[in-house]
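The values are calculated or read from the model by the stated rules, or taken from the named source; none is laboratory data. Source: prediction; values computed, not measured. So basically every Cβ, Gly included, is an ideal-geometry build from the backbone, and we count neighbours across all protein chains shown.
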Amino acid sequence: MSDKMFAIRKIKPEQGAEIQKVPIPEIRDDEILVKVIRSTICGTDLHIYLWDHWANEHVGPYLPLTTGHEVAGEIVKKGNKVSDFEIGDLVSLESHVVCHHCYQCRHNQYHVCQNSKILGVSRDGAFAEYLAVPSVNAMKNDPKLNLPPNLMAVQEPMGNAIHTLIPEGDPQDIAGNTVLVLGCGPIGLMSIAAAREMGARKIIASEVADSRREMAKQMGADVIINPKEEDLVTRVREETYNVGADVVLEMSGAPAALQAGLDAIRHGGRLSLLGIYANPVTVDLSEKIIFKGLHVYGIIGRRLFETWYQLQGLLNIPRFREKIQKLFTHEFPMTQIDEAMGVLRNRTGIKVALIPEFD
């Protein structure tokens, strides 16, 4: 093995990325070195590539940085204290590297660790030939399933979908209920597929893009609404005998979608917020939340590591695997990072994968 590797790097606080040759990471006693097989691109990666206000605030202090955080690979080296993995294991990686010592970690709330570092955001990430992570961040893939590389790499955002769907970790929160998904990007679409497997009575999807509405149907949505063409709240009421949705997943980060979701949810319902809003949003807390008795969850990351076991359980179901595989519309070698980001920026694709080829 050479002592150098290629990586996609964010060097300056400006739009774009650079491919550089950098040292292969050294590992500590509790870490593993992973040879990247496949990475997938997240909306966060696009923010960093375009270098918007969010990126400047959250990533700027860590430049220069190797980007990317959705990844699968093969363990090629392990530290002296790593006993639960072997060289050659195929793993998917949790992107949040937590401290295990803060108040939240000691209360089993690792996903909101006060000191967490995120691959590709605040520590070197996955758009590279190799990366080093604590072994506790790795989840071994079942070799009997022979998962395609894309399905191994996409488990991190799939975990976002499942955490949003069942924030307390109980699938029975979905069984028999009506679920409204606002925004059918990749994570919203994955949540539809998961809700179908968890026994949702009816799944209603809202999305303005034609291609994503069609994909929502393939994921298992029963009712698909274009909110630019019909009133979402009226339609949800019609579909629920004027009761409202039991569960609302706000995936879009659009203030109008949030307001519509608050009107469409039933009294006593549950609202999960995953979408990120570019600016502060005004909500009538008294009328829309307090007097409706809503349960509201802010979603970040995954429940470590319960969500990972749940998503791997779903991947044991062939029809679920087939649905998630449909989300991949494009693959690029990492040398074509500009073209890959262009697909996402222009919304001509849904999920984009990167192959670690630098020749």
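Conditions (1) surrounded by 18 or more Cβ atoms within 10 Å (Cβ to Cβ); (2) over 18 Å from residue 351 (Cβ atoms); (3) not small (Gly, Ala, Ser), marked per residue:
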{"site": "40", "(1), (2), (3)": "yes, no, yes"}
{"site": "50", "(1), (2), (3)": "no, yes, yes"}
{"site": "53", "(1), (2), (3)": "no, yes, yes"}
{"site": "59", "(1), (2), (3)": "yes, yes, yes"}
{"site": "69", "(1), (2), (3)": "yes, no, yes"}
{"site": "75", "(1), (2), (3)": "yes, yes, yes"}
Of the numbered conditions (1) surrounded by fewer than 22 Cβ atoms within 10 Å (Cβ to Cβ); (2) within 18 Å of the chain's Cα centre (by Cα), residue 143 fails exactly one; give the number of that condition.
(2)
Odd one out for residue 216, checked against (1) in contact (Cβ under 8 Å) with a residue 60 or more places away in the chain; (2) in contact with a Leu (Cβ under 8 Å, 6 or more places away or on another chain); (3) under 27 Å from residue 320 (Cβ atoms); (4) not aromatic (Phe, Trp, Tyr):
(1)
With respect to residue 87, determine if the residue is at pLDDT 95 or above and in contact with a Gly (Cβ under 9 Å, 6 or more places away or on another chain).
no
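Considering only residues that are outside any loop (DSSP other than H, G, I, E, B), under 23 Å from residue 219 (Cβ atoms) and not β-branched (Val, Ile, Thr), which ones fall in the range 341-353?
Of the range 341-353, the ones outside any loop (DSSP other than H, G, I, E, B) are 341-345, 351-353.
Remaining after also requiring under 23 Å from residue 219 (Cβ atoms): 343-344, 351-353.
Within the range 341-353, 344, 351, 353 qualify.
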Picking from 303, 270, the residue that is buried (at least 17 other Cβ atoms within 10 Å of the Cβ), in contact (Cβ under 8 Å) with a residue 24 or more places away in the chain and assigned by TED's automatic domain parsing to the domain that holds residue 245 would be 270
Verdict on residue 190 being of a type in the set (A, V, I, L, M) and touching a Pro at 6+ places or on another chain (Cβ under 6 Å)
no
Which of the residues that make up the range 288-338 are over 29 Å from residue 144 (Cα atoms), within 17 Å of the chain's Cα centre (by Cα) and part of a strand (DSSP E or B)?
297, 298
Inside the range 40-56, can you point out the residues that are more than 17 Å from the chain's Cα centre (by Cα) and either at positive phi or charged (D, E, K, R) (or both)?
51, 52
Output the number of the condition that residue 252 fails; it satisfies all remaining conditions of (1) surrounded by 20 or more Cβ atoms within 10 Å (Cβ to Cβ); (2) assigned to a loop (DSSP other than H, G, I, E, B); (3) not assigned by TED's automatic domain parsing to the domain that holds residue 233.
(3)
Could you say which residue among 340, 245 is of a type outside the set (Phe, Trp, Tyr), closer than 22 Å to residue 163 by Cα and either in the same structural domain as residue 69 (by TED's automatic domain parsing) or touching a Lys or Arg at 6+ places or on another chain (Cβ under 8 Å) (or both)?
245
Quick one: which of 206, 191 is surrounded by 24 or more Cβ atoms within 10 Å (Cβ to Cβ), modelled with pLDDT of 95 or more and within 21 Å of residue 310 (Cβ to Cβ)?
191
The range 80-115: number of residues that are buried (at least 18 other Cβ atoms within 10 Å of the Cβ), in contact (Cβ under 8 Å) with a residue 40 or more places away in the chain and not charged (D, E, K, R):
11
